[in-house]
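Take a look at the structure set out below.
The values are calculated or read from the model by the stated rules, or taken from the named source; none is laboratory data. Just so it is clear, the structure is predicted and the values come from calculations on it, not from any experiment. Neighbour counts run over all protein chains shown; Cβ positions are idealised from the backbone, glycine included. Just so you know, the surface numbers come from the protein's heavy atoms only, side chains and all, with ligands and any DNA or RNA stripped out. Shrake-Rupley method; radii C 1.70, N 1.55, O 1.52, S 1.80 Å.
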Amino acid sequence: VEVKIEVVIPEKERSKEEMSPNGKASPLIYKVNGTARHYHLEEHPIASNPYHNPKDVVEASVCHVKDLENGQMREVDLGCGKALLIKESGEFHAVGHKCPHYGAPLVKGVLSKGRVRCPWHGACFNIGTGDIEDFPGLDSLPRFQVKIEKEKVYIRASKQTLQTQRRTKMMAKCISLSNYNLSSTNVLIIGAGAAGLVCAETLRQEGFSDRIVMCTMDRHLPYDRPKLSKSMDSHPEQITLRPKEFFCTYDIEVLTEMQVAAVDVKSKIAVFKDGFKMEYNKLLIATGNTPKTLSCKGKEMENVFNIRTPEDANRVVRLATSKNVVIVGASFLGMEVAAYLAERAHSVSLVELEHVPFKKFFGERVGRAVMKMFENNRVKFYMQTEVSELREQEGKLKEVVLKSGKVLRADVCVVGVGAVPATGFLKQSGINIDSKGFIVVNKMMQTNIPGVFAAGDAVTFPLALRNNKKVNVPHWQMAHMHGRIAALNMLAHGTEISTVPYLWTAMFGKSIRYAGHGEGFDDVVIQGDLDELKFVAFYTKSDEVVAVASMNYDPIVSKVAEVLAAGRTIRKRDVDTKAHQQHLPAHIEKPLTVFFLSFRTGDMSWLTGKGS
């Protein structure tokens, strides 16, 4: 059922309605170029019974009202599926029990101030509505009815929803796409990664009903890019973020294999490489980055790869099976590729300029622990050296020659030596670009040009966590949030970004989770056992904790992220338990045991400096 809603709100009330705390669409008229465009919402009419098919409904008693204390969560079984029951401030809520991103059990996550944060990758959901409030991921949680009768808690839910465990937020559609000139759009999004897709979806969720065009150099619809190095044999259709039907349903046009060569911000025209021109009213630049290549002899020969597409990743796996692989660069991509190929290739060698992997990001001690894990899985490191030459035989890679003089047998070479922002086409545009090529934006993802926004890996923005220092955070989660903030401010919401950076890396079935921004840290406080790969590392600058990483200690990173998101400062003394170790009983091996007593009970005093 399609319902057209046309509501004019007095100006003094408009700002209140636009700032929806849960991201719900406000029924407003959006004006573009002086013309009123009305929302066209895909919405079911309000009814007393939201379940239209009684056979699809299940209702079950799940617990006594006293079984849960405030601030507690419980995964409950309704017979045909599970739900997450939450009690906060005396009220019960029920939502989906799995994170829609990768299926993490939310009962093991962190509950704080009306939202639950995923223990794996940090996505946040409003417990009252189920709406996604921080990323990664695109879908929200289903919300179920809760009622109390005779001190028993009942949940009423759709069987189908219990099984899917996800919900796509209500979206608008374009009013009349046929009225538009093919060379003109209201919103043009350059780039179809996470930032571009979330921007387009947010516009539709907020009721925007004009034309949206996304363009990408890629041949595919938006896909889960982190899986290119974490799950290399995934085919494009397996990692697509939204199916083709989704884009058709919500009138989000995607132009594939289309490269923008220049932008004329005065005329508001984007010029494509093939000469095609498109006018726009609002522009989002979310072009991401371009992988760096080697500068040595032989760099362009066959079987030398920068992994940029699913086809690249698939081909590397095919060619590397039972062969010799050399990976240049102990970056996240390089290390993840090495881990993925270790069991498939005959040999995996990794060449790195530093003496320890991840030293600048995770610190030397954590880097050495990770390096040892790789060595135990047959990965050979060649550190503090570079590639001087790639040698061929019959046109194919045969050997990789290092500056140290070592010659490595190689059938396949993967290059992971970093990337540069893909912003070269903007040099003459007048858009502010810094000395490293990053687009400079403010807290609302706006550039120095009115109506031009930028998001994702190609930007520097003020990070509230670090006193609004301009930073580049090339994380999947951050790209999602950039896209959302840009969309809201295209609609003049005045929303500023305030999220906490969150990332993860997966290697040999283990994950390191990380939250915060540790650039420039001067010390690392480590709790746990690095040799056992069960630890928490706090990164400090002066007396303040600026980031945290962990392995096998979920959901500590999500818990710290919630504390940082609340604007609280964590002091070094709050996490350094060395001073307390001498008082521990002999049978307690590590200070982490005591450190986590308050963590397990939900007491945040150890993170706020209020506890002992």
Got a number for residues in segment 377-405 being among the polar types (S, T, N, Q) and either open to solvent by less than 10 Å² (accessible area, probe 1.4 Å) or within 18 Å of V325 (Cβ to Cβ) (or both)?
-> 3
Please tell me if G130 is open to solvent by less than 20 Å² (accessible area, probe 1.4 Å) and either small (G, A, S) or out of contact with any His (no Cβ under 8 Å at 6 or more places or on another chain) (or both).
-> yes
Open to solvent by 20 Å² or more (accessible area, probe 1.4 Å), at pLDDT 95 or above and over 30 Å from V213 (Cα atoms): does that describe E343?
-> yes
Residue in segment 412-434 that is among the aromatic types (F, W, Y) and without any contact (Cβ under 8 Å) to a residue 40 or more places away in the chain present = no
For segment 50-73, how many residues are open to solvent by 30 Å² or more (accessible area, probe 1.4 Å), farther than 22 Å from T168 by Cβ and either modelled with pLDDT under 70 or assigned to a loop (DSSP other than H, G, I, E, B) (or both)?
-> 4
Check on P119, touching a residue at least 60 places away in the same chain (Cβ under 8 Å), surrounded by 18 or more Cβ atoms within 10 Å (Cβ to Cβ) and either in contact with a Pro (Cβ under 7 Å, 6 or more places away or on another chain) or not charged (D, E, K, R) (or both) = yes
Scan of segment 204-225 for residues that are without any contact (Cβ under 8 Å) to a residue 60 or more places away in the chain and in a loop (DSSP other than H, G, I, E, B), ordered by number = R211, T216, M217, L221, P222, D224
Which of the following residues is crowded, with 17+ Cβ neighbours inside 10 Å and at pLDDT 95 or above: T309, T256, T321?
-> T309
Which of the residues spanning segment 288-306 are under 28 Å from the mean Cα position of the chain (by Cα), at negative phi and open to solvent by less than 30 Å² (accessible area, probe 1.4 Å)?
-> F305
Could you check, for segment 449-456, whether at least one of its residues is open to solvent by 10 Å² or more (accessible area, probe 1.4 Å) and either basic (K, R) or closer than 24 Å to G122 by Cα (or both)?
-> no
Using beta carbons and a limit of 8 Å, which pairs, at least six apart or on different chains, have the first residue in segment 352-378 and within 15 Å of D522 (Cβ to Cβ) and the second one open to solvent by 10 Å² or more (accessible area, probe 1.4 Å) and assigned to a helix (DSSP H, G or I)?
-> none
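Residue-by-condition table, conditions (1) under 25 Å from S558 (Cβ atoms); (2) surrounded by fewer than 17 Cβ atoms within 10 Å (Cβ to Cβ); (3) at pLDDT 55 or above:
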| residue | (1), (2), (3) |
| --- | --- |
| V3 | no, yes, no |
| E6 | no, yes, no |
| E17 | no, yes, no |
| G23 | yes, no, no |
| E75 | yes, yes, yes |
| H101 | yes, no, yes |
Within segment 133-166, how many residues turn out to be buried (at least 18 other Cβ atoms within 10 Å of the Cβ) and either assigned to a loop (DSSP other than H, G, I, E, B) or acidic (D, E) (or both)?
-> 11
So how many residues does segment 508-526 have that are surrounded by fewer than 22 Cβ atoms within 10 Å (Cβ to Cβ), part of a strand (DSSP E or B) and not basic (K, R)?
-> 5
If we take segment 79-122, then strands (runs of 3 or more DSSP E) inside it with 3 or more residues that are of a type outside the set (F, W, Y) and either more than 20 Å from A60 (Cα to Cα) or outside the structural domain of G137 (by the TED database) (or both) are 110-112, 115-117
Would you be able to say whether some residue in segment 264-286 is of a type outside the set (D, E, K, R) and more than 29 Å from K427 (Cβ to Cβ)?
-> no
Show the residue pairs that are 6+ apart or on different chains and have beta-carbon atoms under 8 Å apart, the first residue being within segment 67-80 and under 14 Å from S112 (Cα atoms) and free of Cβ contacts under 8 Å to residues at least 60 places away in the same chain, the second being in a loop (DSSP other than H, G, I, E, B) and of a type in the set (S, T, N, Q).
-> N70/S89
1 or more residues among the hydroxyl-bearing types (S, T, Y): qualifying strands (runs of 3 or more DSSP E) within segment 347-414 = 347-352, 379-383, 387-393
All but one of (1) within 28 Å of the chain's Cα centre (by Cα); (2) of a type outside the set (S, T, Y); (3) farther than 28 Å from L353 by Cα; (4) crowded, with 17+ Cβ neighbours inside 10 Å hold for K268; which doesn't?
-> (1)
Answer yes if at least one residue in segment 476-495 is of a type in the set (S, T, Y) and buried (at least 24 other Cβ atoms within 10 Å of the Cβ), and no otherwise.
-> no
Looking at (1) at negative phi; (2) touching a residue at least 60 places away in the same chain (Cβ under 8 Å), which is the only condition E151 fails?
-> (1)
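Okay, residues lined up against (1) under 26 Å from Y539 (Cβ atoms); (2) not polar (S, T, N, Q):
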residue	(1), (2)
V326	no, yes
S331	yes, no
L350	yes, yes
N376	yes, no
Y382	no, yes
E389	no, yes
Within segment 527-549, tally of residues that are small (G, A, S) and either crowded, with 24+ Cβ neighbours inside 10 Å or assigned to a helix (DSSP H, G or I) (or both) | 3
For T240, work out the one condition from (1) in contact with a helix residue (DSSP H, G or I) (Cβ under 9 Å, 6 or more places away or on another chain); (2) at pLDDT 95 or above it doesn't fulfil.
-> (1)
